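In what follows, a single structure is set out as structure tokens and then discussed.
Every number in this text was worked out from the coordinates using simple rules, so none of it is lab data. Everything numeric in this text was worked out from a predicted model, so none of it was measured. Using ideal geometry, Cβ is built from the backbone for each residue, glycine included, and neighbour counts are taken over all protein chains shown.
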Amino acid sequence: PAAYKPVRQLNRLAQRINEFIEEQPWDTTTLRRAVMDEVDCSKSQFDTALKNLQISINIVRLNDPRAEQDTWVPFRELYLDVWQKYVDTE
């Protein structure tokens, strides 16, 4: 997809958030707290970095009706076929 941007092209905060999400799924509140404690960023900076990860097609909300909160996973985990078709070839 044209919107895809490799994580390495995003800012350091977005890269760090992505590292958290690569390790395991995170709900927004818990992820924000963990990242803000470690990186010492503002809520606004966190929200912008999280949004940039979504826009660049690196993370996506887990599509699970049992999840009570927004839970983030790597895009490729939910849409591997799309990832392989458009991203793995780059």
Vicinal HN-Hα couplings computed from phi for the range 29-34 (Karplus, 6.51 cos²θ - 1.76 cosθ + 1.60; Hz; Gly/Pro x): 5, 5, 4, 4, 4, 5
Distant-in-sequence amide H partners of Ile59 (H built 1.01 Å from N, under 5 Å): Gln54, Phe75
Hits among aspartates and glutamates - C-alpha to C-alpha of Lys85 under 18 Å, sequence gap 8 or more where chains match: Glu77
Only Lys, Arg (+1) and Asp, Glu (-1) charged, at Cβ; the chain dipole about Cα centre in debye: 320
Average Cα contact separation per residue, the chain, under 8 Å, 6 or more apart, as relative contact order %: 35
Size of charge dipole - the range 1-40 - debye, nearest 20, with Cβ of Lys, Arg +1 and Asp, Glu -1, no other charges: 260
In sequence order, calculated HN-Hα J values of the range 45-60 (Karplus, 6.51, -1.76, 1.60; Hz; x Gly/Pro): 5, 4, 4, 5, 5, 4, 4, 5, 5, 5, 4, 7, 6, 9, 10, 8
Partners for Lys43 among aspartates and glutamates (Cα-Cα distance below 16 Å; same-chain residues under 8 apart left out): Asp27
